[in-house]
Amino acid sequence: MSRILIIEDEAEIAELERDYLCINGYDVVIESRGNTGLAKAMGESFDLIILDLMLPGIDGFEICRKIRESQNIPILLVSAKKNDVDKIRGLGLGADDYITKPFSPSELVARVKAHLARYERLISQGIPKENEAIEIGGLKIDLAARRVYINGEERNFTAKEFDLLTFLAQNPNRVFTKDELFEKIWGMESCGDIATVTVHIKKLREKIEVNSSNPQFIETIWGVGYRFKV
Ligand code: CA
């Protein structure tokens, strides 16, 4: 049974969400404060998180960022304001989707189902073999440990940065459009847009390239997209 964490300070909304999800066979835990919600998300194992943005304590933006540093599970952001959507996009938080209040509970359940299905597909395809690593010209990606080294020195990557780098490195010399990369790494129903890809490519270059304006690994193919050179 999939386990879902709801971080929401409005009890009525949290209970409504829980009731609909329970009817659909999900196991649901509710946290009403940002700090306790974050602690729960980091300390226990969940399959999906429904995260309200405006919370007492730590807000949903910060919680999303913190969770993404170490976890790849689907995060569905819940916003009370339409203009939050622009902020969510701009921040490239790595949320998988967002929904604006008021929303219909059946819409929420449909999105939860879609994200869980996508995540399960990802997991079943993507479990790397132990000790498997990609090594290309000073860059080493340890797939099992999800760690990256440049000339033996470890660099820190967020979950999405790691996924993007790994995907490109596993498909060397192939040109991918931003749309293709966005769909591959963030998923079609995902929150955000292809600008997220640009932001992440820039971050990857800062971390793996000696000179990010003259990249050795990730090449820009003008008007098309990106290619991992080998
Ligand atoms: Ca709230």
Discussion item. Is it the case, given these coordinates, that LYS207 is open to solvent by 40 Å² or more (accessible area, probe 1.4 Å) and either in contact with a strand residue (DSSP E or B) (Cβ under 9 Å, 6 or more places away or on another chain) or at pLDDT below 90 (or both)?
Written reply: yes
Worksheet item: From the list ILE30, ILE49, ILE67, ILE6, which one is within 12 Å of the ligand (Cβ to nearest atom), touching a strand residue (DSSP E or B) at 6+ places or on another chain (Cβ under 8 Å), open to solvent by less than 60 Å² (accessible area, probe 1.4 Å) and among the β-branched types (Val, Ile, Thr)?
Response: ILE6
Discussion item. Is it the case, given these coordinates, that ILE88 is at pLDDT 85 or above and at negative phi?
Written reply: no
Worksheet item: Right, ASN173: out of contact with any helix residue (DSSP H, G or I) (no Cβ under 6 Å at 6 or more places or on another chain), part of a loop (DSSP other than H, G, I, E, B) and without any contact (Cβ under 8 Å) to a residue 24 or more places away in the chain or not?
Response: no
Worksheet item: Residues in the range 35-46: is at least one surrounded by 16 or more Cβ atoms within 10 Å (Cβ to Cβ) and under 30 Å from LYS202 (Cα atoms)?
Response: yes
Response to the item:
Checked the range 9-25 for anything within 16 Å of the ligand (Cβ to nearest atom) and under 24 Å from the mean Cα position of the chain (by Cα); matches are ASP9, ALA14, GLU17, ARG18
Discussion item. So for the range 37-45 (the condition being in contact (Cβ under 8 Å) with a residue 12 or more places away in the chain, within 16 Å of the ligand (Cβ to nearest atom) and out of contact with any Phe, Trp or Tyr (no Cβ under 7 Å at 6 or more places or on another chain)), does at least one residue qualify?
Written reply: yes
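The values are calculated or read from the model by the stated rules, or taken from the named source; none is laboratory data. Just so it is clear, the structure is predicted and the values come from calculations on it, not from any experiment. FYI the Cβ positions are ideal-geometry reconstructions off the backbone, even for glycines, and counts take in every protein chain you see. Please note that ligands, DNA and RNA were not included when accessible areas were found on the heavy atoms of the full protein model with its side chains. Shrake-Rupley method; radii C 1.70, N 1.55, O 1.52, S 1.80 Å.
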